[in-house]
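Engineer: This is the structure I want to talk about, given as structure tokens.
None of the figures in this text is laboratory data; all of them are computed from the coordinates on show. Keep in mind that this is a model prediction, so the values were computed, not measured. Virtual Cβ from ideal backbone geometry, glycine too; neighbours counted across all protein chains shown.
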Amino acid sequence: MLNEVESKGGIFTAAPVHYGFRGICIIIVQWWTFLAKCNLIHLYNRFIMKYAVITGATRGIGKAIGEKLLAEGFSLAVCARTKKDLVALEKKWKVAYPAATIIVYRADVGNKDEVTGFGDAVLSKFPRVDILVNNAGVYMQGLFEGEREERFETVMRINLYSAYYLTRQLLPVMKKKKSGHIFNMCSVASLKAYPGGGIYGISKYALLGFSENLREELRPHLIKVTSLCLGATDTDTWEGSGIPAERMMAADDVADTVWSVYNLSKGANADTIIMRPVKGDL
Ligand SMILES: NC(=O)c1ccc[n+]([C@@H]2O[C@H](COP(=O)([O-])OP(=O)(O)OC[C@H]3O[C@@H](n4cnc5c(N)ncnc54)[C@H](OP(=O)(O)O)[C@@H]3O)[C@@H](O)[C@H]2O)c1
């Protein structure tokens, strides 16, 4: 009986001192199987696995989309500002989805260096990008008069510039594959001004403008762009508002919509999706 020793790749038989030629053959076959397995995993990751990138995916809508895509077999890269949330999710997802490559990256997408740092991390680990969701956003209402200008600049950097920088950075890999789907998390506030909508409204109008122009530019490259104009969705954004969850959409409704739109046939796209609570806007 050969001794069995544990090795990183599995169980291998020890040196076939007593078994001569037969033992050597067993070792060769085992190594060959091991290498073939590694190669298959590499080929699987390169050609079959799908890759998604989502900004702001530790909570709310981004997280719901991320978990939907992981459940559908995607690898996933996400960023957010709070490190402990990222670490906790990475731990949970790695156990629940062992076949997926998971990247969690701490970044404030309102900072150009940080959002492009996230893009670099994605490009260094993912062979391609099948889905990009420009989701991270902040909600700040208020009147223009009298407000600090920095507030305006901060909201524009987070809600608009982040999508511009990250999309530009990831576009070359999508173009190379002549495929990919970009979802931009717009709002019903991208379509209509609300009293007191302020900077948030401006940023979401601008994001819709970015999304619509991007689509025209990417048509020849067969990359799809979908603008999601969402009404009230039950997330932390509404915490403390006193509005019951049933009055809003669920984040999973948005995730299911992203999945349905992504699965349209190759020749079709949903350019703009408007989703509202059944009882209307808040
Ligand atoms: N909920 C709604 O009713 C509603 C309606 C229409 C549109 N939307 C849009 O949908 C998107 C998601 O909203 P949500 O309600 O799901 O938000 P949420 O529950 O507050 O979650 C926001 C996520 O984005 C991250 N994030 C926020 N600011 C960030 C930044 N500067 N850099 C990196 N990550 C950041 C947060 O993590 P950290 O805080 O740790 O960074 C968190 O993971 C937003 O663009 C929002 O405008 C929401």
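Engineer: Order the peptides 103-113, 22-32 from the highest to the lowest mean number of other Cβ atoms within 10 Å of their residues.
Structural biologist: Final packing ranking: 103-113, 22-32.
Engineer: Follow-up question, since we're still on this one. For every helix of n ≥ 4 consecutive DSSP H residues, a contribution of -39,500 (n - 2.57) applies; sum these over the chain, divide by its total residues, and give [θ] at 222 nm rounded to the nearest 500 deg cm²/dmol.
Structural biologist: Calculated mean residue ellipticity at 222 nm is -14000 deg cm²/dmol.
Engineer: Oh, and also: R0 = 45 Å: FRET efficiency of Leu40 with Phe144, Cβ-based, nearest 0.05?
Structural biologist: That gives a FRET efficiency of 0.15.
Engineer: Tilt of helix 20-43 relative to the longest C-alpha principal axis of the chain, in degrees (0 to 90, nearest 10)?
Structural biologist: For helix 20-43, the angle is close to 10 degrees.
Engineer: Something else now. Once you list every other residue whose beta carbon is under 13 Å from the beta carbon of Lys63, what net charge do they have if Lys and Arg are +1 and Asp and Glu are -1?
Structural biologist: Neighbour charge sum, excluding Lys63 itself: -3.
Engineer: Could you give the size of the charge dipole of the range 50-275 about its Cα centre, using +1 on the Cβ of each K and R and -1 on the Cβ of each D and E, expressed in debye and rounded to the nearest 20?
Structural biologist: About 940 debye.
Engineer: Can you compute the modelled spin-label distance between Glu239 and Lys91, with each label point 7 Å from Cα toward Cβ, in nm?
Structural biologist: Computed distance between label sites Glu239 and Lys91 equals 2.0 nm.
Engineer: On to the next question. Pop out the ³J(HN,Hα) list for the range 121-131 in order, Karplus 6.51 cos²θ - 1.76 cosθ + 1.60 with θ = phi - 60°, rounded to Hz; leave Gly and Pro as x.
Structural biologist: 4, 4, 5, 7, 10, 9, x, 7, 10, 8, 9
Engineer: List the residues of the range 177-196 whose backbone N lies under 14 Å from a point placed 7 Å from the Cα of Leu264 along the Cα-to-Cβ direction.
Structural biologist: 180-184
Engineer: Let me ask something additional. Pop out the ³J(HN,Hα) list for the range 209-217 in order, Karplus 6.51 cos²θ - 1.76 cosθ + 1.60 with θ = phi - 60°, rounded to Hz; leave Gly and Pro as x.
Structural biologist: x, 4, 4, 5, 6, 4, 4, 4, 5
Engineer: Here's something else I'd like to know. Could you list Asp281, Asp253 so that the one with the fewest beta carbons within 10 Å of its beta carbon is first and the one with the most is last?
Structural biologist: By the 10 Å Cβ count, ascending, the order reads Asp281, Asp253.
Engineer: Within the set of other residues whose C-beta is less than 14 Å from the C-beta of Ala268, count the net charge using Lys and Arg as +1 and Asp and Glu as -1.
Structural biologist: +3
Engineer: Starting from 0.36 nm per residue, how many nanometres of slack lie between Ile28 and Lys192 once their C-alpha separation is accounted for?
Structural biologist: Using 0.36 nm per residue and subtracting the Cα-Cα distance, I get 52.2 nm.
Engineer: Under 5 Å between amide H atoms, partner at least 5 residues away or on a different chain: which partners does Lys50 have, H built in plane at 1.01 Å?
Structural biologist: Under 5 Å from the amide H of Lys50 lie the amide H atoms of Ser75, each far enough along the sequence or on another chain.
Engineer: Follow-up. Taking the Cβ-Cβ separation of Asp271 and Ala71 as r and a Förster radius of 30 Å, what is the calculated FRET efficiency to the nearest 0.05?
Structural biologist: 0.70
Engineer: Students often forget the sequence filter, so: which aspartates and glutamates lie under 13 Å Cα-Cα from Lys175 once same-chain residues fewer than 8 apart are removed?
Structural biologist: Asp130, Glu217
Engineer: Tyr194: net charge of surrounding residues, Cβ under 15 Å, Lys/Arg +1, Asp/Glu -1, itself excluded?
Structural biologist: The answer is +2.
Engineer: Suppose we keep just the DSSP beta bridges with both residues in the chain; what percent of those would be antiparallel, to 5?
Structural biologist: Expressed as a percentage, antiparallel bridges in the chain total about 10.
Engineer: Quick check on my link table: of Lys84/Lys125; Lys68/Lys94; Lys50/Lys177; Lys83/Lys112, which ones sit more than 20 Å apart, alpha carbon to alpha carbon?
Structural biologist: As for pairs spanning more than 20 Å Cα to Cα, those are Lys84/Lys125.
Engineer: Quick check: from the Cα gyration tensor, does the range 50-275 come out rounded (a/c under 1.5), prolate or oblate?
Structural biologist: It comes out rounded by the Cα gyration axes.
Engineer: I need the trypsin sites (Lys or Arg not before Pro) found in the range 190-282, filtered to DSSP loop residues with at most 10 other beta carbons within 10 Å of theirs.
Structural biologist: Lys266
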